Amino acid sequence: MSAIDFGRPTRVVRLFDGRLTFRLDMKVTGLVALMVAIALVLTLLTLASGEYQVPLGEVLGALLGQAEGRVHMVVVEWRLPRALLALVFGAALGMSGAIFQSLTRNPLGSPDVIGFNAGAYSGALIVIIGFSGNYYQIAGGALAGGIATALAVYGLAWRQGVQGFRLIIVGIGLSAMLTSLNTWLMLRADLEVAMTAAVWGAGSLNGLGLDKFWPSLIVLALIVPLVLMLERPMKQLEMGDDAARALGTRVELVRLSLLVLGVALTATATAVAGPIAFVSLAAPQIARRITGAAGVALIPSAAVGAVLLVAADFLAQRAFAPTQLPVGVVTVCIGGIYFVWLLVREAQRQ
Amino acid sequence: MSGDPVNRHIDPATLAGSSRLSVQNATIGYDQRVISQQLSVDIPDKGFTVIVGANACGKSTLLRALSRLIQPSEGQVMLDGKAISHYPAKEVARRLGLLPQTSIAPDGITVADLVARGRYPHQKFIRQWSVTDEEAVMGAMEATKITELSHRLVDELSGGQRQRVWVAMVLAQQTPMLLLDEPTTYLDIAHQIELLELLSGLNRAAGHTVVAVLHDLNHACRYATHIIAMREGQIVAEGAPAEIVTADLVEQVFGLPCIIINDPLAGTPMIIPRGSIPHVDAVSLST
């Protein structure tokens with residue numbers, strides 16, 4: 001317990017003679033644990049269900065390497081990579097959304113805001129239509145397009161520093177321009193090529209294997225600790241640039257680093273699976289409403305993001321089985337429901 | 001801060017020579033727009049300095065330069081004998097606290113949580129909540145009388161309470177110098193006085209050097225030990241209120257014709273604007 005009443009269940013942790021100290025919001029901690037548990041249960045359900053049903057006990061056995069033959073192939077080789085990708089990409093997108101919503105101080109902030117997804121799609125389209133590139137070339141084109149767009153938005157929004165609102169406006173403008181470019185590219189392409197491009201553009205985890213999972217996990221394992229180290233300065237920025245600077249925050253450095261890391265989190269998912277919309281937009285706000293804590297928070301947003309994407313991919317696989325939907329289509333639907341809910345809430349409040 | 005009782009009621013004039021914070025021949029402005037040229041100011045140590053002047057005279061800009069929110073394009077701001085731009089950001093924030101004109105309380109933040117953010121310059125990634133942090137936050141909340149509010153949401157507070165929370169956040173920073181940009185602007189008269197009493201108390205009892213931009217000249221005269229009067233980016237006069245505040249100066253700085261009388265309680269100068277007097281007929285006025 002803390003001697004100060006923070007208005008929330010708070011536990012102070014002091015270890016190693018006070019060299020390692022922090023405050024834990026017990027409600028947030030508990031809810032994050034719950035979210036992680038839900039995500040894992042959903043993952044197990046995804047592994048168990050499908051055209052070939054596997055009992056949960058055998059799923060666990062297969063995960064521990066005790067299954068053989070068909071069960072092993074279905075659970076570990078077919079279903080597991082996709083489920084793992086949904087978990088880590090969901091978390092990455094949720095965390096990325098939290099970064100952008102904190103930086104823009106706007107619940108509509110997301111990597112889309114600075115044109116990342118529109119740019120990534122442009123990059124992918126150019127590679128698909130112009131060079132009929134393979135999977136890795138498309139991923140590379142998407143990365144290049146997304147990052148170039150994000151940098152362009154940042155540069156255009158710069159005027160003695162970057163403000164959240166200006167970033168949003170410039171991002172929307174550039175996104176609109178790129179979207180029209182994308183439409184033009186699609187119109188020029190042959191039907192078959194255009195279909196490939198559209199499938200990529202919907203964002204899908206279909207048919208992804210472990211060869212995609214490990215590189216993604218390694219990249220994210222490098223990015224996430226850096227993001228977490230910047231969480232405190234990020235929270236200082238939420239009080240306004242002047243207040244943050246007066247408290248010793250290096251505002252522009254922190255903001256640029258967070259933008260780069262936020263884009264990198266989304267880029268990892270986009271490069272592998274194509275643009276998956278709405279997870280990064282909705283997860284931070286859902287996390288905020290569940291925990292009731294101040295501002296958007298990285299870890300709860302990541303946990304909610306994981307739940308959302310695992311659930312969405314479960315639906316993508318089962319809702320119209322045997323037809324497999326791209327998970328991006330499901331997240332767009334969930335996003336639509338989320339917006340309706342948000343509107344109703346706001347209307348009730350007024 | 002030694003807290004030595006002997007130092008408590010020292011006349012700041014005797015310390016006039018010492019200054020930890022000063023501006024030297026600085027040109028300050030935004031983008032291409034120059035606000036002040038060749039500006040030099042010494043902030044008296046352990047004084048309560050109030051910067052006054054008409055709207056857009058450059059007083060907030062001076063405060064922003066003093067707190068390193070903007071860099072002079074020429075000249076220097078000196079902090080403890082070294083250019084302020086040469087300090088690491090957190091080191092400045094351990095010596096000098098600033099309450100900006102506008103700050104944003106994050107949605108759904110509680111009072112104690114906001115005050116605790118003032119501890120940022122003293123914390124590290126692995127040391128986020130030391131015993132010292134806790135004591136500083138408790139002390140700051142006690143000094144601003146908001147301990148009872150600590151669990152409340154900042155959004156739910158009244159304007160006066162909210163401003164005290166922000167002051168508490170700056171106090172939790174535990175800096176010997178406090179800079180405040182128009183801290184009384186959105187407060188009613190009782191809360192304005194309450195806040196000024198608090199700042200004055202911090203200056204006299206705790207030995208903080210306080211620098212504030214204020215709009216109300218009578219408040220400045222009552223509470224300041226040192227007034228800096230500015231006009232068009234330049235300093236017109238500076239010194240103790242009783243020495244510099246005259247009808248001429250007020251006319252020159254604000255363009256306001258007035259007479260000066262003595263505050264019947266404090267004996268400090270008090271400004272009475274001339275203007276028209278709608279409820280009194282001209283005959284009684286001339287007597």
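The values are calculated or read from the model by the stated rules, or taken from the named source; none is laboratory data. Quick caveat, the model's predicted, so the values are computed rather than measured. Don't worry about glycine lacking a Cβ; one is built from the backbone with ideal geometry, like all the others, and counts go over all protein chains shown. These area figures cover heavy atoms from the full protein model, side chains too; ligands, DNA and RNA do not enter into them. Shrake-Rupley method; radii C 1.70, N 1.55, O 1.52, S 1.80 Å.
Am I reading the B/A interface right? What is its buried accessible area, both sides, 1.4 Å probe, to the nearest 100 Å²?
Working: alone 14860 and 17510 Å², together 29000 Å².
Looking at B and A, the buried total is near 3400 Å².
If you bin every alpha carbon distance in chain A into 20 Å steps from zero, what whole percent lands in each bin?
29, 56, 15, 0
When Cβ neighbours within 10 Å are restricted to other protein chains, what is their mean count per residue of peptide A:247-259?
Mean number of neighbouring Cβ atoms from other chains: 3.
Relative to 2.2 N^0.38 Å, what does the C-alpha radius of gyration of the range B:48-90 come to as a ratio? Two decimals please.
My calculation over the Cα atoms of the range B:48-90 gives 1.27.
Cα convex hull of the range B:10-109: how many Å³ per residue?
Taking the convex hull of the Cα positions in the range B:10-109, it is 150 Å³ per residue.
Would you kindly calculate the translational diffusion coefficient of the range B:134-287, applying Stokes-Einstein with the Kirkwood radius from alpha carbon pairs, for 4 °C and a viscosity of 1.567 mPa s, and quote it in µm² s⁻¹ without decimals?
Numbers: Rh = 17.6 Å.
In µm²/s, the coefficient is 74.
Counting only heavy atoms of protein chains, what accessible area per residue, in Å², does the range A:29-349 have with a probe of 1.4 Å?
Accessible surface, normalised per residue, equals 43 Å².
Within the range A:35-97, what whole-number % of the accessible surface is contributed by carbon and sulfur, with the 1.4 Å probe and all protein chains included in the calculation?
68 percent
Ranked highest first by the average count of other Cβ atoms within 10 Å around their residues, in what order do A:226-236, A:281-291, A:330-340 fall?
Those peptides, ordered most packed to least, come out A:281-291, A:226-236, A:330-340.
Would you pull out the residues with amide H under 5 Å of B:Gly75's amide H, same chain only if 5 or more places away, H placed 1.01 Å from N?
Hits under the 5 Å cutoff: B:Thr27.
Is there a simple number for the mean count of other chain Cβ atoms within 10 Å of the Cβ of residues in B:84-97, and what is it?
Average per residue, whole number: 2.
Hey, got the dipole for the protein assembly as shown? About the Cα centre, +1 on K and R Cβ, -1 on D and E Cβ, debye to the nearest 20?
The calculated dipole for the protein assembly as shown is roughly 1040 debye.
What is the set of long-range amide H partners of B:Val236 at a cut-off below 5 Å, with H atoms built 1.01 Å from backbone N?
Those qualifying (amide H under 5 Å, at least 5 residues apart or on another chain) are B:Ala229, B:Met230, B:Arg231.
If one puts a single equal scatterer on every Cα of the protein assembly as shown and applies the Debye formula without solvent, what log₁₀ I(q)/I(0) results at q = 0.07, 0.09, 0.10, 0.12 Å⁻¹?
Result of the Debye calculation: -0.56, -0.83, -0.95, -1.20.
Run the numbers on the range A:29-349 and let me know its relative contact order in percent, using alpha-carbon pairs under 8 Å that are six or more apart.
That works out to 29 percent.
Give me the inter-chain shielding for B:119-128: mean count of other chain Cβ atoms within 10 Å, whole number please.
Values: counts 1, 10, 5, 1, 4, 4, 7, 6, 6, 7.
Average per residue, whole number: 5.
Please report, for the Cα atoms of chain B, the Rg to one decimal and the Dmax as a whole number; what are they, in angstrom?
Both quantities, over Cα of chain B: 19.9, 75 Å.
Roughly how many whole Å is it from the C-alpha centroid of the range A:214-266 to that of the range A:72-95?
Going from one Cα centre to the other spans 26 Å.
Compute for the range A:191-350: radius of gyration divided by Kirkwood radius, i.e. Rg/Rh, restricted to C-alpha atoms, rounded to two decimals.
On the Cα set of the range A:191-350, Rg over Rh gives 1.02.
Hey, what's the Cα Rg ratio for the range A:192-262 versus the globular rule of thumb, 2.2 N^0.38 Å?
Scaled against compact globular proteins, the figure is 1.67.
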